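Read the structure below first, then the notes.
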Amino acid sequence: MPSLALPALHASHAGTWLRGADGGTRGLGKGEAVMAAADTPLLMVNAPLVATRLGYPDLSGLDLLELFAFIHPAQFVVPTPRGLAHALGLEDPASDDQVPALLQQAAAILLARCEADDWAEREGAWSALQSLAKLRWPWAQVLAPHIRQPQRAEKWLFSRLPEWEETPERAQPGQVAIDEFEIEARLQRLTGEGAEQREGQRLYSREAGRIFAPRGKRSAPHMLLAQAGTGIGKTLGYLAPASVWAEKSQGTVWVSTYTKNLQRQLRRESSRAWPATRPDGSRPVVVRKGRENYLCLLNLEDALQGGFGGRAAILAQLVARWAAYSSDGDMIGGDLPGWLGTLFRNRAIRSLTDQRGECVYAGCPHYRKCFIERAARASAQADLVIANHALVMINAARGRDHAQRPTRIVFDEGHHVFEAADSTFAAALTGQEAIELRRWVLGPERGSRGRRRGLSARLADISSYDEEGSKAIAAACHAAEALPSTGWLQRLAEGEPSGPVEELLAAVRAVTYARDESGGQEAGYGIETEAAQLDGDFVERAQEAAAALAAIRLPLIRLGLRLEALFEDAPDWLDAQGRARIEGARHSLAWRVDTLAAWEAMLGRMGGPADPDFVDWLAVDRSDAREFDIGLHRHFLDPMKPFAKVVLEPAHGVMLTSATLRDGEDWDSALARSGALHLDGRPLLASAESPFDYANRAEVLIVTDVKKGDLAGLAGAYARLIEASGGGVLGLFTAIRRLRAVHGRIADRLARAGLPLYAQHVDPIDTGTLVDIFRDDPQASLLGTDALRDGVDVPGHSLRCVVMEQVPWPKPGILHRARRAAGGGSAYDDRIIRARLAQAFGRLIRSSGDSGHFVVLSPAFPSRLLSAFPSGTPVMRLTLDEALQRVAAGVCLPGKNTGGPALREEEQERD
């Protein structure tokens, strides 16, 4: 096997190994490894992770992941030596000391690929390499001899990208009925001829079809809540009637998810119902996300032309390589490798998207090639749009981005609709939000880099030629001077706020600290207090801030009306580019005006009687004892009230489905958290039980002798459980601090046993990539928090044990306290906990062949919470040693349940 004659370095928790350019691998200490890397560029995989292992953040070298991203943009690889071996057809390294040799072989294969005549991604490579060489990319000199200069000059990226085409608005969908025979025939086709027909899936699919019937009354959609146990096949279950209805009515069905993982799964599954393209070249299935997920070509151009410096400039070149081959330009969860941004240890990836709502729409020179606009127009013509909960709610509320208002919606992962609505319909007047508004109105502050421009610059022709519009812009800019500016946090800390909004934030800070009940014990965490019993001085400051915000909002409203008038009746001086800028400004103005109105409404309630529909509080956000934001927050006590008004009532058919929709056999919680109670009439209810044999494939082990608060004992329990299981453990924590402490105590020990351990909030790797690594290596284990509790789909042997450090009690914040009081006190808490336990347990058995253990390290696990687990699942209370025996033996048969005492019937209260 050919190898690249360059030294290679590999570091894990088990040790560090270096292989010379001429062969020969040896172990070495961390200090020597750092010195070697400083002297000579070394081959390595995932340099930030290697740097973390060596404790030297500034480590750099010849990262093979960067090389892979250059040679194979828009292709997936698990960012580990094992993952690289799989991608390149090499054998897995049997041990850590074999990894350096693998890296040399992998580098040789990748470089040879550049010389092959059939290299699919050759176009643009030579030009990109010239730019990267000027930026002193470490791989540039190594690559140069292997990439030949093309005979003709390569096209610039922005001229190579295809343009989208305008299409006529899709006609209103036909009012059609679909019957059970059509649904079952379609379901059989989707599952495959000769496939086993699951009665539960058939019943579920027929129930899903009921939401597509013509609506009989305005503001009264057909609504279905459908519980579908794991293994039912709910995706094909609802895609069957959805595809029949879309075909017959020529309408669009929106399927909304909470996690990107499910979006990827839906994209795959939908290929059974729809072709990749129609005869006219359009796509019947489109994935839609918020604007902040897509590459902004204008931001990329700015970065390529000097807007980025140092390593960020190299990243921009690699992103440009990817953009030429990306299927949809989705940077967050699409075909851009999730690990690419983390390799450069900065937030440059986010800087290449439209994070601040500053898009100029048709005023952009790349508008006709924009990934966002292409997706928006494609979705308007699609049969199926795959989106997320937040986007569906925002589209319903604002009707933005040329998208049709969703009228037939399936909310998959429906148990998260409440949380998504809570976020969507909330308001937060904080320093960070206020300073962003200032920059949007006034433009970048002195010394700032980038292409950001204020209203006057974006609408220069309006300022010059239209007196009424010019006055409105000038008034808005003058009023925006009252908003916080750079250095606001320091001024507040020093007691020298500037302007009415900063003075209000200073008062928020003072009141919050004055009312802090922690006694300084929670210095590393944020603090909050109710917006109640506020003194006259605070109320006066709130009124002054509200007046300052109104002074911005009113001229923005006048400007919006003037822009609308100019757009409808364009004067002679307004050219096509000017009309394009006006169109873009109108979109952004509506959003900002709505935000300002929400802030003013919140401030208007300060000092007055409490509004029973809302929960208001003050907060100082901190991380590791450092303040990073201060502000006022408002949430609906019941966010399903605006959700029902904005999303449900205009719809014709809505389905919420999940494996954990209801609480045991009780539908009350599902009804309350779906918005159904705010509609006329009762929704349809359906339930399909999981076909999995939980009684014989899983066990719940409640460990009774790991004391709460004993960090050493907790770490030891995790280490021993991972060793007993031989890896394959998903560890779930309720606190990042404990997660980090446990990881720090056990990672080296496990690595020496050949059991890799990864962790959120520790390893410099994004969550999605961590899951990919975990899925790829059956000996690996993964520690994480809420994001892993129900966003992980790892079927098979890679996940065979889930360990929870304790009962997932809700965080006792002000918002939770208010909802708890309105929702039944402790019963409200119990419903939340049971839902979290059910979601966590759902990670364990993902296919009929899976088996494993669900372990809770809680000596006082309340028996009333046990209904969270599927009926028939064996549950045992036992010691850690007894649990280890069962995990090591892989025991999951009820006939062998002799390892511990029987489950006690009495209630075990929270300690």
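A crude spin-label estimate for the pair LEU637 and ASP693, with each label 7 Å from Cα along the Cβ direction, gives 5.0 nm. Normalised radius of gyration (Cα atoms, divided by 2.2 N^0.38 Å) for region 427-636: 1.14. Once you list every other residue whose beta carbon is under 14 Å from the beta carbon of ILE109, what net charge do they have if Lys and Arg are +1 and Asp and Glu are -1? Within the 14 Å Cβ shell, the charges total -1.
For the pair VAL539 and GLU517, the difference between a 0.36 nm per residue extended length and the Cα-Cα distance amounts to 5.7 nm. Once the C-beta distance of THR40 and SER847 is scaled by a Förster radius of 41 Å, the resulting FRET efficiency is 0.30 to the nearest 0.05. Amide H contacts of MET804 (H built 1.01 Å from N, in plane; Pro and chain starts excluded): LEU732, VAL855, VAL856, LEU857 sit under 5 Å, all sequence-distant by 5 or more or on other chains.
Ordered by the count of other Cβ atoms within 10 Å of each Cβ, fewest first, LYS645, LYS30 give LYS30, LYS645. Provide, for q = 0.11, 0.17, 0.22 Å⁻¹, the log10 of I(q)/I(0) from a solvent-free Debye sum over equal Cα point scatterers in region 570-675. Reported log10 I(q)/I(0), two decimals: -0.69, -1.04, -1.16. Working note: Karplus 6.51/-1.76/1.60 with θ = phi - 60° gives region 628-639 the couplings 10, 6, 9, x, 10, 10, 9, 10, 5, 4, 10, x Hz, where Gly and Pro are set to x.
Arranged from fewest to most other beta-carbon atoms within 10 Å of their beta carbon, HIS389, HIS633 become HIS633, HIS389.
Given +1 at the Cβ of Lys and Arg, -1 at the Cβ of Asp and Glu and no other charges, the dipole of region 427-636 around its Cα centre is 820 debye to the nearest 20.
Listed by chain and number, the lysines whose alpha-carbon sits under 25 Å from that of LYS155, ignoring those within fewer than 8 places in the same chain, are LYS134, LYS369.
Modelled label positions at ASP118 and ARG626, each set 7 Å beyond Cα in the direction of Cβ, lie 5.1 nm from each other. The simple spin-label model puts a point 7 Å past each Cα toward its Cβ; for SER863 and LYS811 those points are separated by 3.3 nm. A simple packing score, the average count of other Cβ atoms within 10 Å per residue, orders the peptides 636-642, 822-828 as 636-642, 822-828, with the highest score first.
Among 619-629, 93-103, sorting by the average number of other beta carbon atoms lying within 10 angstrom of each residue, highest first, gives 93-103, 619-629. Among the listed pairs LYS645/LYS811; LYS260/LYS645; LYS289/LYS645, those with a Cα-Cα distance over 25 Å are LYS645/LYS811; LYS260/LYS645.
Look at the Cα gyration tensor of the chain: its axes a ≥ b ≥ c give a/c under 1.5, and that counts as rounded.
Taken one residue at a time, the phi angles of region 562-568 give Karplus couplings (6.51, -1.76, 1.60, θ = phi - 60°) of 5, 4, 5, 5, 5, 5, 6 Hz. Gly and Pro are set to x. Which whole number in µm²/s is D for region 292-371 by Stokes-Einstein, with the Kirkwood Rh taken over Cα pairs at 4 °C and 1.567 mPa s? Roughly 103 µm²/s, to the nearest whole number. Put in order of Cβ neighbour count within 10 Å, fewest first, the listed residues SER3, SER674, SER498, SER847 become SER847, SER498, SER3, SER674. With the cut-off at under 15 Å, measuring from each backbone N in region 284-308 to a point 7 Å along the Cα-to-Cβ line of ARG267 picks out 284-290, 293-295.
Counted residue by residue at 0.36 nm each, then reduced by the alpha carbon distance between them, the extension gain from ARG586 to ASP680 reaches 30.3 nm. Rounded to the nearest 20 debye, the dipole size of the chain about its Cα centre is 940 debye, using +1 on the Cβ of Lys and Arg and -1 on the Cβ of Asp and Glu. With θ taken as phi - 60° and the Karplus curve 6.51 cos²θ - 1.76 cosθ + 1.60 applied, the whole-hertz 3J(HN,Hα) list for region 642-650 is x, 4, 5, 5, 8, 9, 6, 4, x Hz, x standing for glycine and proline. Of the GluC sites (Glu not before Pro) found in region 3-100, those that fall in a DSSP loop while having at most 16 other beta-carbon atoms within 10 Å are GLU91. For region 694-896, what log10 I(q)/I(0) values come out of the Debye formula at q = 0.07, 0.11, 0.16, 0.19 1/Å, with one point per alpha carbon and no solvent? Debye output, listed in q order: -0.19, -0.47, -1.03, -1.45.
Spread over its residues, the convex hull of the C-alpha atoms of region 665-745 is 179 Å³ per residue.
Full extension of the chain between ALA550 and TRP156 gives 137.2 nm of extra length, using 0.36 nm per residue less the Cα-Cα distance.
For TYR294, nonlocal amide neighbours, meaning residues 5 or more places apart or on other chains whose placed amide H falls under 5 Å from its own, are MET331, ASP354. Distance distribution P(r), region 176-285, all Cα-Cα pairs, bin width 5 angstrom from 0: 2, 11, 21, 24, 21, 13, 6, 1, 0 percent. Counting Lys and Arg as +1 and Asp and Glu as -1 over every other residue whose Cβ lies under 12 Å from the Cβ of ALA220, the net charge comes to +2.
For ARG288, the residues whose amide H sits under 5 Å from its own are ILE386, ALA387, ignoring neighbours fewer than 5 places away on the same chain, with H placed 1.01 Å from N. First check a/c for region 198-352, with a ≥ b ≥ c the square roots of the eigenvalues of its C-alpha gyration tensor; if it is under 1.5, answer rounded, and if not, answer prolate when a/b is larger than b/c or oblate otherwise. Verdict is prolate for region 198-352.
Return the inverse of the average 1/r over all pairs of distinct C-alpha atoms in region 8-154, which is the Kirkwood hydrodynamic radius, in Å to one decimal. Evaluated over region 8-154, this radius sits at 16.0 Å.
Taken together, the values in this text are just the output of simple stated rules run on the coordinates, not laboratory data. If you're wondering where the values come from, they're calculated on a predicted model, not measured in any experiment. Reconstructed Cβ throughout: ideal geometry from the backbone, glycine too, with neighbour counts over all protein chains shown.
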